[in-house]
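Structure first, commentary second.
Read-outs throughout are calculated quantities, based only on the coordinates presented, and are distinct from any laboratory measurement. This one's a predicted model, so the numbers in the text were calculated from it and none came from an experiment. Methodologically, a virtual Cβ is constructed for each residue, glycine included, from the backbone with ideal geometry; neighbour enumeration extends over all protein chains shown.
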């Protein structure tokens, strides 16, 4: 699984989650830290990444452009990198199912009741 972490989450997540998603990266590591969301979107689509973000903008793009790429939308307020890691690990089984679903394009994490 290849995750592309958006600028609003720590690049440290790449290493912290390497055991689950070893081919992941962060926008800053590929020179896209200040890039427009559509450029990040296209990069993710071209390189088969799923975008992990706390930003509503990617949800809006998904509505307009469809998939790929898939989006994991972290529905968390201000929190630590450790908390984001814990939330992603807790949702990992759901994330794996999402990744293999050919029609799913957006996953809310944590899932909303």
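Looking only at the stretch 16-33, decide whether some residue is in contact (Cβ under 8 Å) with a residue 24 or more places away in the chain, loosely packed, with under 14 Cβ neighbours inside 10 Å, on the phi < 0 side of the Ramachandran plot and in contact with a helix residue (DSSP H, G or I) (Cβ under 9 Å, 6 or more places away or on another chain).
yes
Scan the stretch 41-63 for residues that are free of Cβ contacts under 8 Å to residues at least 12 places away in the same chain and within 20 Å of residue 103 (Cβ to Cβ) and jot them down.
Once the filter is applied, which keeps residues that are free of Cβ contacts under 8 Å to residues at least 12 places away in the same chain and within 20 Å of residue 103 (Cβ to Cβ), the stretch 41-63 yields 60, 63.
Which condition does residue 8 not pass, out of (1) at negative phi; (2) surrounded by fewer than 13 Cβ atoms within 10 Å (Cβ to Cβ); (3) free of Cβ contacts under 8 Å to residues at least 40 places away in the same chain, if it passes all the others?
If we test residue 8 against (1) at negative phi; (2) surrounded by fewer than 13 Cβ atoms within 10 Å (Cβ to Cβ); (3) free of Cβ contacts under 8 Å to residues at least 40 places away in the same chain, just (3) comes out false.
What are the residue pairs meeting all of these: first residue in the stretch 82-94, first residue surrounded by 12 or more Cβ atoms within 10 Å (Cβ to Cβ), second residue in a helix (DSSP H, G or I), Cβ atoms under 8 Å, and 6 or more apart or on different chains?
Note: pairs meeting the criteria are 84/13; 85/13; 85/16; 88/13; 88/95.
So, residue 99, is that one in contact with a helix residue (DSSP H, G or I) (Cβ under 6 Å, 6 or more places away or on another chain), in a helix (DSSP H, G or I), touching a residue at least 40 places away in the same chain (Cβ under 8 Å) and surrounded by 12 or more Cβ atoms within 10 Å (Cβ to Cβ) or not?
No.
Restricting to the stretch 39-63, give me the number of residues that are assigned to a loop (DSSP other than H, G, I, E, B) and either in contact with a helix residue (DSSP H, G or I) (Cβ under 7 Å, 6 or more places away or on another chain) or surrounded by 22 or more Cβ atoms within 10 Å (Cβ to Cβ) (or both).
Taking the stretch 39-63 first, the residues assigned to a loop (DSSP other than H, G, I, E, B) are 47-49, 54-56.
Subsequent filtering for residues that are either in contact with a helix residue (DSSP H, G or I) (Cβ under 7 Å, 6 or more places away or on another chain) or surrounded by 22 or more Cβ atoms within 10 Å (Cβ to Cβ) (or both) retains 49.
Selection size over the stretch 39-63: 1.
Looking only at the stretch 64-79, which residues are touching a helix residue (DSSP H, G or I) at 6+ places or on another chain (Cβ under 9 Å) and more than 14 Å from residue 5 (Cα to Cα)?
Residues satisfying the conditions are 65, 67, 68, 76, 79.
Which of the residues spanning the stretch 64-81 are over 10 Å from the mean Cα position of the chain (by Cα), touching a residue at least 24 places away in the same chain (Cβ under 8 Å) and either assigned to a strand (DSSP E or B) or farther than 21 Å from residue 92 by Cβ (or both)? Even if it seems obvious, please write down each step before you answer.
Going through the stretch 64-81, the residues over 10 Å from the mean Cα position of the chain (by Cα) turn out to be 64-68, 75-81.
With the extra rule that they be touching a residue at least 24 places away in the same chain (Cβ under 8 Å), the set shrinks to 65-68, 75-76, 81.
Of everything in the stretch 64-81, those that are over 10 Å from the mean Cα position of the chain (by Cα), touching a residue at least 24 places away in the same chain (Cβ under 8 Å) and either assigned to a strand (DSSP E or B) or farther than 21 Å from residue 92 by Cβ (or both) turn out to be 65, 66.
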